[in-house]
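The values are calculated or read from the model by the stated rules, or taken from the named source; none is laboratory data. Here the structure is a predicted model, which means the values were calculated and not measured. Reconstructed Cβ throughout: ideal geometry from the backbone, glycine too, with neighbour counts over all protein chains shown. Quick note on the areas: whole protein, heavy atoms, side chains included, nothing else; ligands and nucleic acids left out. Shrake-Rupley method; radii C 1.70, N 1.55, O 1.52, S 1.80 Å.
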Amino acid sequence: MRKKIPPLTALRSFEAAARYSSFRDAADELCVSHSAISHQIKQLESYLGVELFIRKSRAVELTSQGRAYYPVLREAFDRIAESTELLMAPQSPGILTVQLYSTFAIRWLIPRLSKFNNAHPEIQVRLNTSQADVDFQQTDVDLCVMIGSPSSANLHYDHLFDSLMFPVGSPTLLASDKPLASPADLARHTILQVYPSRKDWYVWLEGAGIKGVDPESGLQFDSYELALSTAGQGLGVALGMQPYLSRDLKSGLLVELFPGHRVKADGGWYLVCRSERAYMSKVVAFREWILAEVAADPDLEEFC
């Protein structure tokens, strides 16, 4: 006996409205009127016998029943779309979209990425860099690398590693007329601040027991990559963390200014995806590869 399924048009209207939290935006995506979306969702609510949205003046909010129903429909529509792409272009490679911070991409992932490409030529990796964390409700990213802690039951988290933070600078700073004999001497130097992660300096200063240093007083950057590159040119002191400093420390471009004053970063590094995509073949392949690379990195032995 065939199972009962609500009208597909109504389901599409609900999925889009839930994703945007807006009937109007859903109407724009589906190229219909606002009233058409409202009518379809009322039809679906009548069919199911439950209310799916709380209507507000300028937005809508999912009810508890709507929150339970939405992830199921989102996964179903995602699978239909992915299967359709495979059917229409069976020879095209599977595309895996990964969002990550630029520093992680440049200093850790990209130097290793050829290994994944060689092992999985059928998967085309598409990298997006951003300092903001992924909003999986609004974007079609498959995976992201983020620092923080698990916070959503709808997402799948794999812990990669933890990090210790410590100030670094050019060796020329140690030979300047402003000595850096102790962390308190930072008050006389230019601090290189990464403003999307502004709390990091405060975490380090508190953890190291240092007062009288204003991390907002120097130069401001939108990524650690820029701050570390600037520090390498002798223009100030940056905060760094492993595994992103190994090459610079070994080459002598940067030096750890206060050995013995490392502080654990606030949050761990995670590989994250939607729970319903966690066992897609391309996601599994990338997860297994990156976890193996982390385990094999000697600079992360004490952090995994």
**Q.** Neighbours by Cβ (under 7 Å, 6+ apart or cross-chain): first from region 161-180, without any contact (Cβ under 8 Å) to a residue 60 or more places away in the chain; second charged (D, E, K, R)
**A.** Lys178/Arg188; Pro179/Asp185
Q) Consider Gly169 against the criteria (1) open to solvent by less than 40 Å² (accessible area, probe 1.4 Å); (2) under 20 Å from Ala132 (Cβ atoms); (3) of a type in the set (Gly, Ala, Ser): it satisfies all of them except one. Which criterion is unmet? A) (2)
Q.
Tell me whether region 5-17 contains one or more residues that are open to solvent by 50 Å² or more (accessible area, probe 1.4 Å), farther than 22 Å from Thr139 by Cα and among the basic types (Lys, Arg).
A. no
Q: Only residues that are open to solvent by less than 10 Å² (accessible area, probe 1.4 Å) and farther than 25 Å from Gly207 by Cβ: list them for region 233-273, please.
A: Leu271, Val272, Cys273
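Residue-by-condition table, conditions (1) within 20 Å of the chain's Cα centre (by Cα); (2) under 30 Å from Glu15 (Cα atoms); (3) free of Cβ contacts under 8 Å to residues at least 24 places away in the same chain:
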site	(1), (2), (3)
Ile110	yes, no, yes
Arg126	yes, yes, no
Gln138	yes, yes, no
Val145	yes, yes, no
Leu186	no, no, no
Leu205	no, no, yes
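Consider region 171-201. How many of its residues are more than 19 Å from Ser223 (Cβ to Cβ), of a type outside the set (A, V, I, L, M, F, W, C) and either part of a loop (DSSP other than H, G, I, E, B) or touching a Gly at 6+ places or on another chain (Cβ under 6 Å) (or both)?
We begin by selecting, within region 171-201, every residue more than 19 Å from Ser223 (Cβ to Cβ); these are 171-189.
Subset that is of a type outside the set (A, V, I, L, M, F, W, C): 171-172, 176-179, 182-183, 185, 188-189.
Within this subset, residues satisfying the condition of being either part of a loop (DSSP other than H, G, I, E, B) or touching a Gly at 6+ places or on another chain (Cβ under 6 Å) (or both) are 172, 176-179, 182, 189.
Residues flagged as more than 19 Å from Ser223 (Cβ to Cβ), of a type outside the set (A, V, I, L, M, F, W, C) and either part of a loop (DSSP other than H, G, I, E, B) or touching a Gly at 6+ places or on another chain (Cβ under 6 Å) (or both) within region 171-201 amount to 7.
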Q.
Which condition from (1) in contact with a strand residue (DSSP E or B) (Cβ under 9 Å, 6 or more places away or on another chain); (2) open to solvent by 20 Å² or more (accessible area, probe 1.4 Å) is the one that Pro179 breaks?
A. (1)
Q: Starting from region 60-86, take each residue that is in contact (Cβ under 8 Å) with a residue 24 or more places away in the chain and list its partners that are hydroxyl-bearing (Ser, Thr, Tyr) and open to solvent by less than 70 Å² (accessible area, probe 1.4 Å), counting only C-beta distances under 9 angstrom and pairs at least six apart or across chains.
A: Val60/Ser21; Val60/Ser22; Glu61/Ser21; Leu62/Ser21; Leu62/Tyr69; Leu62/Tyr70; Pro71/Ser275; Glu75/Ser275
(Q) Quick check on region 130-149. Is at least one of its residues modelled with pLDDT of 90 or more, over 21 Å from Trp269 (Cα atoms) and not in a helix (DSSP H, G or I)? (A) no
**Q.** Options Tyr224, Tyr279; residue that is within 24 Å of Tyr157 (Cα to Cα), buried (at least 19 other Cβ atoms within 10 Å of the Cβ) and of a type outside the set (A, V, I, L, M, F, W, C)
**A.** Tyr224
Q: Hey, can you tell me all the residues within region 249-304 that are in contact (Cβ under 8 Å) with a residue 12 or more places away in the chain and of a type in the set (D, E, K, R)?
A: Glu256, Arg262, Lys264, Asp266, Arg274, Glu276, Arg277, Lys282, Arg287, Glu293, Asp297, Asp299
Q: Among the residues of region 147-161, write down those that are closer than 30 Å to Val255 by Cα and open to solvent by 40 Å² or more (accessible area, probe 1.4 Å).
A: Ile147, Ser149, His159
